[in-house]
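To start, the structure itself, in structure tokens.
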Amino acid sequence: MHTDIIAKLKEMAATPGRIWLQGGTPATYGALLAETGRLANALGSLGLGTGDRLLLQVEKCEAVLTLYLACLRAGVVFLPVNPAYTIPETDHFLTDAAPALAVVEPGRVAGLAALGARSMALPELLERAATLSADYADPEHAPDQLAAILYTSGTTGRSKGVMLSRENLASNAEALVGLWRFVETDVLLHVLPVFHTHGLFVATNCILYSGASMIFRRAFSPSDVLAELPKASVMMGVPTFYTRLLGEAGLTREAAAHIRLFISGSAPLSPATHAEWQERTGHAILERYGMTETNMITSNPYDGARRAGTVGMPLPGVEVRVTGADGQALATGEAGAIEVRGPNVFKGYWRLPEKTAEEFRGDWFITGDMGAFDRDGYLSILGRAKDLVITGGLNVYPAEVEAALDDLPGIAASAVIGVPHPDFGEAVVACIVAAPGTEPTESAVRAALRERLAAFKIPKRVLVLAELPRNAMGKVQKAALRQAHSGLFQSN
Ligand code: AMP
């Protein structure tokens with residue numbers, strides 16, 4: 001078993017003056033512990049106890065982290081929801097998770113109450129907590145008790161509640177702190193959203209488990225990041241952060257000199273971005289792979305080569321295998337379904353036992369991603385299984401074609417999809433975004449690809465788009481692209 005998050009918080013708070021949040025008035029771990037005590041008392045005074053769900057839907061602010069820890073102390077299940085969702089979209093989480101309390105922006109209280117939810121404005125909860133004692137008698141919590149429910153982004157179908165235990169979070173935090181060498185003098189530049197596993201668990205728990213501190217920014221902006229980089233030692237980001245920063249003239253070796261580690265994840269980082277970043281800053285971005293259901297699964301090494309286009313090796317304590325259609329483990333180099341098991345793997349989808357059973361093979365969780373290991377043990381992600389293109393009976397892994405496209409001059413971003421085709425079943429279609437000041441043409445792109453890829457992988461069409469549809473984590477929404485271009489090969 002791993003040290004529980006609250007035990008770690010208390011351990012860190014025992015050192016007077018240890019800083020948790022940098023900034024105008026730095027907040028200490030001691031102050032953090034006290035605030036979580038007040039909030040845990042406030043939750044108790046509102047009748048919330050072990051196993052009750054607390055839905056939190058607010059703009060990014062420090063209180064999200066405090067409330068997450070207060071819920072852990074009280075045994076209340078933390079359920080953060082993207083504040084970008086409309087009130088009708090939020091209804092799904094209310095009916096599905098039946099939270100005992102929804103804490104929201106003041107402007108949303110009435111809207112959620114109209115849907116039958118018990119709701120409260122965040123400032124009101126904070127005011128109530130301010131009147132209560134910081135002393136809190138923590139109940140005992142078992143490691144397999146639910147810590148949080150995070151909903152999948154659900155680009156197709158309804159989003160599912162991912163049940164994460166205290167042990168899931170603790171085991172992953174310990175593995176990452178060791179692997180990424182977090183120490184108490186580290187300062188993390190926190191610019192990720194906090195309703196998603198990346199900014200909420202990976203970022204916060206790495207800091208907590210090492211007693212380090214963070215610079216907590218409420219949004220990502222390239223100029224703000226450049227201003228803060230000299231004060232930080234680690235930055236975590238999604239690939240779009242890195243590509244946007246590359247558009248800033250101020251991104252230089254000097255600007256990044258104070259950073260010891262840049263980490264990327266949640267979506268594929270193109271080898272072209274990796275190379276350009278290294279050239280501009282001298283840093284090889286460390287790419288890692290994970291998902292809401294599994295926390296982090298693999299990471300490129302801290303000391304060894306960080307290979308662009310790969311997500312590295314399984315984390316300590318985490319097992320990964322690649323399987324074929326019959327469920328048998330495949331040999332090195334062969335492409336198949338990525339499966340994972342270990343203390344990081346979630347407890348199942350909330351109130352969906354059948355769906356949960358479908359996605360496990362014994363105790364192996366079928367991630368839904370396709371991939372292959374190379375001879376040195378590095379895993380490459382080839383795309384989601386449902387994004388695999390089968391054209392004329394042959395498999396085309398979108399990631400392979402995207403890598404070839406991203407390598408061509410004049411292409412800033414690409415997404416490869418399968419579109420219904422009368423002869424081939426599906427046809428490979430590339431959606432590309434032109435790099436500033438360039439005008440790539442369909443025929444030139446197809447000609448350039450012919451030198452790199454087998455004929456069946458060459459996109460039948462190359463569409464130049466102004467931008468690719470992405471979600472809040474910068475992930476390309478392929479279902480939306482497929483839908484928009486589904487009629488491309490229909491004869492009228
Ligand atoms: P989420 O649950 O929203 O974090 O999404 C998890 C999914 O994001 C994974 O199943 C992968 O498809 C994708 N993903 C995460 N990290 C990476 C990465 N480094 N490279 C490619 N895909 C990634």
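The values are calculated or read from the model by the stated rules, or taken from the named source; none is laboratory data. The structure presented is a predicted model; accordingly, all values stated were derived computationally and were not measured. Here the Cβ is made from the backbone with ideal geometry for all residues, glycine too, and neighbour counts use every protein chain on show. Note: accessible area is taken over every heavy atom of the protein model, side chains too, but ligands, DNA and RNA are not part of it. Shrake-Rupley method; radii C 1.70, N 1.55, O 1.52, S 1.80 Å.
Identify all residues within the stretch 210-228 that are touching a residue at least 40 places away in the same chain (Cβ under 8 Å) and either charged (D, E, K, R) or under 13 Å from Gln22 (Cβ atoms) (or both); write none if there are none. If the condition is that a residue be touching a residue at least 40 places away in the same chain (Cβ under 8 Å) and either charged (D, E, K, R) or under 13 Å from Gln22 (Cβ atoms) (or both), then Ser213, Met214, Ile215, Phe216, Arg218 are the ones that fit.
Exactly one residue among Leu46, Leu56 is under 19 Å from Arg128 (Cα atoms) and out of contact with any Lys or Arg (no Cβ under 9 Å at 6 or more places or on another chain), and that residue is Leu56. Looking at the stretch 383-492, the helices (runs of 4 or more DSSP H) lying wholly inside it that each contain 2 or more residues that are open to solvent by 50 Å² or more (accessible area, probe 1.4 Å) and at pLDDT 95 or above sit at 442-450, 478-484. Would you tally the residues in the stretch 178-195 being among the aliphatic types (A, V, I, L, M), out of contact with any Lys or Arg (no Cβ under 6 Å at 6 or more places or on another chain), crowded, with 20+ Cβ neighbours inside 10 Å and not in a strand (DSSP E or B)? Looking only at that region, the number is 2. Is it true that Ala175 is part of a helix (DSSP H, G or I) and touching a Gly at 6+ places or on another chain (Cβ under 8 Å)? Yes: the conditions hold for Ala175.
Yes/no matrix, rows are residues, columns are (1) within 30 Å of Gly237 (Cα to Cα); (2) more than 16 Å from the ligand (Cβ to nearest atom); (3) out of contact with any strand residue (DSSP E or B) (no Cβ under 9 Å at 6 or more places or on another chain); (4) free of Cβ contacts under 8 Å to residues at least 60 places away in the same chain:
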site: Val401; (1), (2), (3), (4): yes, no, no, yes
site: Gly418; (1), (2), (3), (4): yes, yes, no, no
site: Ala427; (1), (2), (3), (4): no, yes, no, no
site: Ile458; (1), (2), (3), (4): no, yes, no, yes
site: Arg461; (1), (2), (3), (4): no, yes, no, yes
site: Pro469; (1), (2), (3), (4): yes, no, no, yes
site: Gln490; (1), (2), (3), (4): no, yes, no, no
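Consider Asp369 carefully, then state whether it is more than 11 Å from the ligand (Cβ to nearest atom) and not assigned by TED's automatic domain parsing to the domain that holds Arg166. Criteria not met by Asp369. Just one of the listed residues (Tyr136, Tyr151) is touching a residue at least 12 places away in the same chain (Cβ under 8 Å), open to solvent by 10 Å² or more (accessible area, probe 1.4 Å) and away from the ligand (no atom under 16 Å from the Cβ), namely Tyr136.
Of the residues making up the stretch 219-226, at least one is closer than 25 Å to Ala27 by Cα and open to solvent by less than 10 Å² (accessible area, probe 1.4 Å).
Specify which of the listed residues (Leu164, Leu189) is within 16 Å of the ligand (Cβ to nearest atom) and either touching a Leu at 6+ places or on another chain (Cβ under 8 Å) or modelled with pLDDT under 95 (or both). Only one candidate qualifies: Leu164. Counting the residues of the stretch 330-370 that are part of a strand (DSSP E or B), among the small types (Gly, Ala, Ser) and more than 18 Å from the chain's Cα centre (by Cα) gives 2.
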